[in-house]
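Undergrad: What follows is a single structure, and I will ask about it in a moment.
The values are calculated or read from the model by the stated rules, or taken from the named source; none is laboratory data. Everything numeric here is computed off the predicted structure, so don't read it as measured data. Backbone-built Cβ (ideal geometry, glycine too); neighbour counts: all protein chains shown. The accessibility values were calculated without ligands, DNA or RNA, using every heavy atom of the protein model including side chains. Shrake-Rupley method; radii C 1.70, N 1.55, O 1.52, S 1.80 Å.
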4 protein chains.
Amino acid sequence: MNSKMRVAILGATGTVGQKFITLLTDHPYFEVAELVASERSAGKRYVDACAWKQNTPIPGYIADMQVKSLEDTLDSPVLFSGLDSSVAGAAEERYARLGHVVISNSKNHRMEEDVPLVIPEINPDHLSLIAGQKWDGAIITNSNCSTMFLAMALAPLHETFGVEAVQVTTMQAISGAGYPGVASYDILGNIIPYIGGEEEKMEIESQKILGTLADGKVVDADFVVSAQCNRVPVVDGHTETVSFSLKKKASLEELRSVMAGFRGLPQELKLPSAPDHPILMMDDADRPQPSRDVWLEKGMATVVGRLRPCNVLDYRMVIMGHNTVRGAAGAAVLNAETMFRLGLFGDNPAEDYNTEELKRRAYALSTDGMRDVVCSK
Amino acid sequence: MNSKMRVAILGATGTVGQKFITLLTDHPYFEVAELVASERSAGKRYVDACAWKQNTPIPGYIADMQVKSLEDTLDSPVLFSGLDSSVAGAAEERYARLGHVVISNSKNHRMEEDVPLVIPEINPDHLSLIAGQKWDGAIITNSNCSTMFLAMALAPLHETFGVEAVQVTTMQAISGAGYPGVASYDILGNIIPYIGGEEEKMEIESQKILGTLADGKVVDADFVVSAQCNRVPVVDGHTETVSFSLKKKASLEELRSVMAGFRGLPQELKLPSAPDHPILMMDDADRPQPSRDVWLEKGMATVVGRLRPCNVLDYRMVIMGHNTVRGAAGAAVLNAETMFRLGLFGDNPAEDYNTEELKRRAYALSTDGMRDVVCSK
Amino acid sequence: MNSKMRVAILGATGTVGQKFITLLTDHPYFEVAELVASERSAGKRYVDACAWKQNTPIPGYIADMQVKSLEDTLDSPVLFSGLDSSVAGAAEERYARLGHVVISNSKNHRMEEDVPLVIPEINPDHLSLIAGQKWDGAIITNSNCSTMFLAMALAPLHETFGVEAVQVTTMQAISGAGYPGVASYDILGNIIPYIGGEEEKMEIESQKILGTLADGKVVDADFVVSAQCNRVPVVDGHTETVSFSLKKKASLEELRSVMAGFRGLPQELKLPSAPDHPILMMDDADRPQPSRDVWLEKGMATVVGRLRPCNVLDYRMVIMGHNTVRGAAGAAVLNAETMFRLGLFGDNPAEDYNTEELKRRAYALSTDGMRDVVCSK
Amino acid sequence: MNSKMRVAILGATGTVGQKFITLLTDHPYFEVAELVASERSAGKRYVDACAWKQNTPIPGYIADMQVKSLEDTLDSPVLFSGLDSSVAGAAEERYARLGHVVISNSKNHRMEEDVPLVIPEINPDHLSLIAGQKWDGAIITNSNCSTMFLAMALAPLHETFGVEAVQVTTMQAISGAGYPGVASYDILGNIIPYIGGEEEKMEIESQKILGTLADGKVVDADFVVSAQCNRVPVVDGHTETVSFSLKKKASLEELRSVMAGFRGLPQELKLPSAPDHPILMMDDADRPQPSRDVWLEKGMATVVGRLRPCNVLDYRMVIMGHNTVRGAAGAAVLNAETMFRLGLFGDNPAEDYNTEELKRRAYALSTDGMRDVVCSK
């Protein structure tokens, strides 16, 4: 008996879609059953439709799969979306209306009031928002890649000491721009001190993720963020310098301690994609570095170094993580794993997923709390 | 009759030394008469002693010049020093004691009380400090490369509105580390979030440069700076993201106006190496960029873009400049040109330079003001 | 009285078009009077239509010029074409039919029997082919960028010793692919061992360029070329390793001598864009290098190093040159300068250009020889 | 009972040494028992002595190990040497004299008459040379990194059709130069068309490896090689364009077939580090590429693409492989595994290694053939 849940990948030929395939191959909960892409690719074998850019070959079971179009009916209950934002808005909504659970990496729905923007180590309770979504199915989103590492690094600080203000400058890898993305003529030996929309995303998404649920709504965290985003000639791994002030006084040692000790629901549930240490502290003066540290914890860690006092705000630090793993496809997969183990897909997800149960259990999350609903799978 | 002043280059085979040669060839005030390097190079022809790394060939008159050692007696009154900091301290002091004027790019003496740390657009009056130096000759320094662009961008803001606090993150080119400098294995496709001593330099040097003279001493500017320095895979051009708060309220338009209108003594005197616009404002959202803009104003500009409000401090911006030209050798040359035209080397520098006159005129700078002493050359 | 000839630039917003603008600004013979681009840009001011990628600002007289479309009538007699090959074929032909002289960098017409493929140091006599062209005007082409440096390096060897066989491996800069060209994700820290159509171009174009005119036709040179073309993460400058065998025995010293001494018509006529040394020999074991040597002779040289015996063929060497200057726009400009000074545009090109005279003089080239027709301008 | 053989790593803090540690951790035959480095590191804990540059952390059992000096007595029978060539010559010889088996990646002894230069897929029989070595122990070498991929690609061609002449141009990764190796200022966005000694190594080593044993001596293969070696801004992976002529006529299909089907002793013995396909053929026009394909077969493959006819010699192709794995440390490890399974270290290597048996069994290799002596471990 196959206990795996069938899933589809939307935008399967793009860079996020390819990463989904890589991460979901041999996954214990999910099995890739459908590949969906634009009209141009639809009807072709995946291997013919896709300019595969991963460092491992296309998995055999994927290569010959026929690509479906965004118009086709899908029979997988769960859809991982790596759709381009130009089409993600309408397409994801349509699928949600049809009863699918869309686990989306796209920006389109992130800031909607009833759409959870989830990092399961931080705010898995926000998943209960889907109980109130207007669709039969649901849309769940993960954050922008740069926001991910910032929110993760701030989470234990905010919980313990209260974050007040944050200055962040990013140095972002080119893989974050998709494919073909940044022209080599623009970035080889160069810095581009601008990424459209990125600064705004970092500034508002982190407030929502670290916000609290009250009466079924997210109350944004009340710190302010100022982000300055740069593209750098690095392939994988976003590096960020961060300065921050806290509401309560805290010693350097206390900061280190709460960051190093930070664990969340994914660690508790030992989810397949969960890093042992969501925050990995490094001591060397010149770390983290993308080319050395990006694959720590299989690309699922937020690596933090150089934590030290700041002359202007209270403290400063350098953070780094894998933008297409923890910062994109891996984040979505971890969201899906969390939902799976919280029982949102039912007690026997491979067989009895239904939208009423999904909504009922999502609602229960907000009333019964999370611990009671964890699925024993 | 040759009206040019004979100068020597200390550390002539290094990267800063090579840049001095390039900038001083066909210079209207100075002529390179002596090349000085370490014991290993001394006695050799320059072309044999030097791993020339510039994009233009070694000038013919330089190639065959015999390299002198740091032990040799020099007869040039002015010495441009690109010495490594491991030897610059003692060597520069010895030369100053012998009556030479050492125009130094090295860090060793910058923060000494009686040594001027000069950017002639900002604090040419600090040159009067040399009147009080304990040596017959003098040591004049320019700032660290990253400090240069920060101090320049802040100067008109500080003068007009008063700077209160500054957050800066740098993305520094590898040429700033000299040669061989950064190993390619460490930086190709990578970011190194640490440059030893750099953050401290930025934090204190900018306070001294923007400080005021009182009773023959520099009173540091009272703003605080927090710097986070990174090495990036760029050959030439340091990029910096800056956030700052001001003492007086100022509109974006006022800021733009004082920055774009900023001019100093080098512009007034039309010094050979002076940029027309010491601060060059760019409007495009994605500028400045090192590979596109580093040679604007012959590498002597501080290029500023993306000036806009900040959520945490008052405003933020991106600044960029050529680290080995305006940030190093070019800065020293401009210092020397300033001294030349201020008459510190005498009315007829090629012939009548003497140390007493140097001291007398330096003292006059602080009493009579700068305008009265400008040399008509 | 303005003695300059009015010229238009086709494909003015592209990378080759931009380089044409840079090279033709302040040109002694030509003045840019019209800018032509695709429908999308037509009607806009150049500064609005163009993503300017040069390191110098857009010249003032160009910025506000209104871009014309390929459908518009042009009144400049000479058109520099940097059109994309997808449109160059038909468009250039149409302009030639209308009486314009199209100086083209595009590949489309290069191998046509009556179209000269010219490097003026090597085969300026091939310009006489235009006498037989079926159009009122004419099309003149320069070679592919990689072919340029190979043909130039082989020219004196072929003339003196006869080239028999050539093996060449290229390492080509990304600027050769235009803009946006190569995706950064494909080339950052990578090598792409394939450039579509490039190997074939190198193999046949060099045979035509080094071919001889007989009865008004080009008889291809009879050597064989085997090319292997690679894209490398370099911005400007194609490097090529070459092995070759000769028909006559020649010593290393003889080779060096004929290469270093090579001069052609552009040098004789002291054309504005002509390098003093079309072939520049370097002695250092590790040269030429693109980042050091690409701007020698203002980007118009073919730099040759490491000339030494080969174990398989007779000799081997490394050659390098600026692919968008000597290898593209600069080559076209030098072709136009050659035609100008050969009098093909008339005795007073700014005023009395006409197509009959063009054809008559082109024919005269093949009968009277080149020396007799040089224009005294 | 521990059945693993104790081994030492010479030059343990260098880049090849670090790769040895990575490859030998959890190895089924060997266990790293001693780390040896220069005087400067000796006596320190490994973690303190070493600037670790691998992408995985230092293994725990290694971190605290005390580094020994080249003067210390070692008790491991097998020594993996990643020593710098400036010291490898004398040091390796001294250890061989003391009875150790030195598996060396250094160049110093490779071309000595009685030292096997082994690629176990090609010439494992050359191991019998050690029977005649003048030392109680033995020295076994692997090839230069660039030679490795060339020799591997040529091996099946030479065996079946006879190779006559080879032209090869390399584009070599910077990791091949060790650490700090190439200065970033020399290679960022640049090509260096020279690597000291590399061309000669490729030209002679491939002849020895593909040579045949006769009367206990290697008779070099009689083809000629002409190599042109370049350094490129790639971190890992050497790419080579190759043209070659064969003694027997062969169709493209025959070539493909013998290359794709090539297997050797390591595959037959299923050695732990053996790639399934020592030669991996790729069909895509633009492959192999270092950043995509370098980790195929865990970095132990020679990846071959673009096999096609050549205009000058018979055929051409592109080959690529991981220079510090298959091209260096991995090659040495595979040599040691081959010796282990051929029984050269005895029937029970962890316990009964002795130098007489080593010599006896090496001699047997040349008389009894390899198949008879394979150890059943």
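Undergrad: Taking the Cα centre of chain C as the origin and placing charges on Cβ (Lys, Arg +1; Asp, Glu -1), which of C:194, C:130, C:317 is farthest toward the positive end of the dipole?
TA: Of the options given, the answer is C:317.
Undergrad: Once the label point is set 7 Å along the Cα-to-beta-carbon vector, what list of distances in nm do you get between residue A:197 and its counterparts in the other copies?
TA: 3.5, 4.6, 5.5
Undergrad: Something else about it: If you place +1 on the Cβ of every Lys and Arg and -1 on the Cβ of every Asp and Glu, how big does the dipole about the Cα centre of the protein assembly as shown come out, in debye to the nearest 20? Spell out each step's value before the answer.
TA: Numbers: 144 positive and 196 negative charges, 0 e Å.
With only Lys, Arg, Asp and Glu charged at Cβ, the dipole is about 0 debye.
Undergrad: Please report the antiparallel percentage of the DSSP beta bridges confined to the protein assembly as shown, to the nearest 5. Let's see the in-between values first.
TA: Working: 106 of 234 bridges.
For the protein assembly as shown, the DSSP antiparallel bridge percentage is about 45.
Undergrad: To continue, here is another question. For residue A:34, what charge total do you get from the other residues with a beta carbon under 11 Å from its beta carbon, if Lys and Arg give +1 and Asp and Glu give -1?
TA: On the way: positive: A:6, A:68; negative: A:31, A:72, A:75.
My count for the surroundings of residue A:34 gives -1.
Undergrad: Under 22 Å from the Cα of residue D:248, which lysines turn up, not counting those fewer than eight places away in the same chain?
TA: Within the straight-line limit of under 22 Å, residue D:248 reaches these lysines: D:208.
Undergrad: Same structure, new question: Summarise the accessible area of the protein assembly as shown (1.4 Å probe, protein heavy atoms) by the percent that is carbon and sulfur. Walk me through the numbers on the way to the answer.
TA: Details: 24540 of 51570 Å².
That fraction is 48 percent.
Undergrad: Kindly provide log₁₀ I(q)/I(0) values, in the same order as q = 0.12, 0.13 Å⁻¹, from the Debye equation applied to equal alpha-carbon scatterers of the stretch C:134-273.
TA: Log-scaled intensity ratios, in q order: -0.59, -0.69.
Undergrad: Strictly over 25 Å apart at the Cα level, which of A:107/A:249; C:19/C:44; B:53/D:19; D:19/D:68; A:4/A:201 would you flag in this model?
TA: Values: A:107/A:249 35 Å; C:19/C:44 20 Å; B:53/D:19 33 Å; D:19/D:68 18 Å; A:4/A:201 34 Å.
Flagged as over cut-off: A:107/A:249; B:53/D:19; A:4/A:201.
Undergrad: From the phi of every residue in the stretch B:265-273, what ³J(HN,Hα) in whole Hz does the Karplus formula 6.51 cos²θ - 1.76 cosθ + 1.60 yield, where θ is phi - 60° and glycine or proline is x?
TA: Working through the residues one at a time gives 4, x, 6, 4, 7, 6, 4, x, 9 Hz.
Undergrad: Only four residue types carry charge here, +1 at the Cβ of Lys and Arg and -1 at the Cβ of Asp and Glu. Report the dipole size of chain B about the Cα centre in Debye, rounded to the nearest 20.
TA: On the way: 36 positive and 49 negative charges, 104 e Å.
I would put it at about 500 debye.
Undergrad: OK, next. Tally the DSSP beta bridges in chain D and give the antiparallel ones as a percent, rounded to 5. Write out the running numbers ahead of the final one.
TA: Numbers: 26 of 58 bridges.
Percentage antiparallel, nearest 5: 45.
Undergrad: To continue, here is another question. Let's test this: bin the Cα-Cα distances of the stretch C:1-68 at 5 Å from zero up to the farthest pair and state each bin's percent.
TA: Taking all Cα pairs of the stretch C:1-68, the binned fractions are 4, 19, 32, 25, 13, 5, 1, 0 percent.
Undergrad: Which percentage, to the nearest 5, of the DSSP beta bridges contained in the stretch D:145-322 is antiparallel? Don't skip to the answer; put the middle values down first.
TA: On the way: 25 of 36 bridges.
Roughly 70 percent of the DSSP beta bridges within the stretch D:145-322 come out antiparallel.
Undergrad: With every atom except the alpha carbons ignored, what do you get for Rg and Dmax of chain B, in angstroms?
TA: So, for chain B, Rg and Dmax equal 19.8, 61 Å respectively.
Undergrad: Keeping all protein chains in the complex and leaving out DNA, RNA and ligands, what accessible area do you get for residue D:83 with a 1.4 Å probe, in Å² to the nearest 10?
TA: Accessible area, nearest 10 Å²: 20 Å².
Undergrad: Determine the total buried accessible area between chain A and chain C, counting protein heavy atoms only with a 1.4 Å probe; round to the nearest 100 Å².
TA: On the way: alone 15690 and 15720 Å², together 29880 Å².
For chain A against chain C, roughly 1500 Å² becomes buried.
Undergrad: Give me the Kirkwood hydrodynamic radius of the stretch A:78-165, using the inverse of the mean 1/r over all pairs of distinct Cα atoms, in Å to one decimal. List each step's numbers first, then the result.
TA: Working: mean 1/r = 0.0734 Å⁻¹.
This gives a value of 13.6 Å.
Undergrad: Let me ask something else about it. Compute the signed sum of charges (Lys and Arg +1, Asp and Glu -1) over the other residues within less than 15 Å, Cβ to Cβ, of residue C:358. Mind showing how you got there, number by number?
TA: Numbers: positive: C:97, C:134, C:341, C:359, C:360, C:361; negative: C:114, C:136, C:347, C:351, C:352, C:356, C:357.
With Lys, Arg at +1 and Asp, Glu at -1, the net is -1.
Undergrad: Then there's this: With r as the distance between the Cβ atoms of residue A:53 and residue B:270 and R0 = 35 Å, compute the FRET efficiency 1/(1 + (r/R0)^6) and round to 0.05.
TA: Calculated value: 0.05.
Undergrad: Could you tell me which residue out of A:179, A:119, A:143 lies farthest along the dipole of the stretch A:112-183 toward its positive end? Charges go on the beta carbon: Lys and Arg +1, Asp and Glu -1, centred on the Cα centre.
TA: Ranked along the dipole, the leading option is A:179.
Undergrad: Percentage of Cα-Cα pair distances in the stretch B:137-207 greater than 15 Å, rounded to whole percent?
TA: Values: 1546 of 2485 pairs.
Above the 15 Å cut-off, the stretch B:137-207 has 62 percent of its Cα pairs.
Undergrad: Right, next: Mind giving me the FRET efficiency for residue B:85 and residue B:112? R0 is 22 Å, r the Cβ-Cβ distance, nearest 0.05 is fine. It would help to have the intermediate numbers written out before the result.
TA: Numbers: r = 14 Å, r/R0 = 0.63.
After rounding to 0.05, the efficiency reads 0.95.
Undergrad: Would you mind pulling out the separation of the Cα centroids of the stretch B:20-95 and the stretch D:267-345, in Å?
TA: 50
Undergrad: For residue D:301, list long-range residues whose amide hydrogen, built 1.01 Å from N in the peptide plane, is under 5 Å from its own amide hydrogen.
TA: D:322
Undergrad: Something else about it: Viscosity 1.567 mPa s, temperature 4 °C: give me the Stokes-Einstein translational D for the protein assembly as shown in µm²/s, with Rh taken as the Kirkwood radius over C-alpha pairs. Working shown, then result.
TA: Values: Rh = 35.4 Å.
So the translational diffusion coefficient is about 37 µm²/s.
Undergrad: Something else now. How much FRET efficiency would the formula 1/(1 + (r/R0)^6) give for residue B:214 and residue A:254, where r is the Cβ-Cβ distance and R0 is 41 Å, rounded to 0.05?
TA: Numbers: r = 42 Å, r/R0 = 1.02.
That pair, residue B:214 with residue A:254, gives E of 0.45.
Undergrad: Still on this structure, I have one more. On average, how much accessible surface per residue is there in the stretch A:145-322, in Å², for a 1.4 Å probe, leaving out ligands, DNA and RNA?
TA: On the way: 5600 Å² over 178 residues.
Ligands and nucleic acids excluded, the figure is 31 Å² per residue.
Undergrad: Dipole size in debye (nearest 20) for the stretch C:145-322 around its Cα centre, Lys and Arg Cβ +1, Asp and Glu Cβ -1?
TA: On the way: 16 positive and 23 negative charges, 46 e Å.
I would put it at about 220 debye.
Undergrad: Shifting gears a bit: Enter the per residue convex hull volume of the stretch C:58-214, computed from alpha-carbon coordinates, in Å³ rounded to the nearest integer. Don't skip to the answer; put the middle values down first.
TA: Numbers: hull volume 24.4 nm³, N = 157.
Spread over its residues, the Cα hull of the stretch C:58-214 gives 155 Å³ apiece.
Undergrad: Within 15 Å, Cβ to Cβ, of residue D:85, how many net charges do the neighbouring residues add up to if Lys/Arg are +1 and Asp/Glu are -1? Please report the intermediate quantities before stating the final value.
TA: Working: positive: D:107, D:110, D:201; negative: D:84, D:92, D:93, D:112, D:198, D:200, D:205.
Surrounding charge for residue D:85 is -4.
Undergrad: Using +1 at the Cβ of each Lys and Arg and -1 at the Cβ of each Asp and Glu in the stretch B:13-154, identify which of B:88, B:41, B:76 lies farthest towards the dipole's positive end.
TA: The Cα lying farthest towards the positive end belongs to B:41.
Undergrad: If you count only protein heavy atoms and use a 1.4 Å probe, how large is the accessible surface of residue B:263, to the nearest 10 Å²?
TA: The accessible area of residue B:263 comes to roughly 110 Å².
Undergrad: Around residue A:5, which amide H atoms from residues at least 5 apart in sequence, or from another chain, sit under 5 Å from its own amide H, with H modelled in the peptide plane?
TA: The answer is A:30, A:31.
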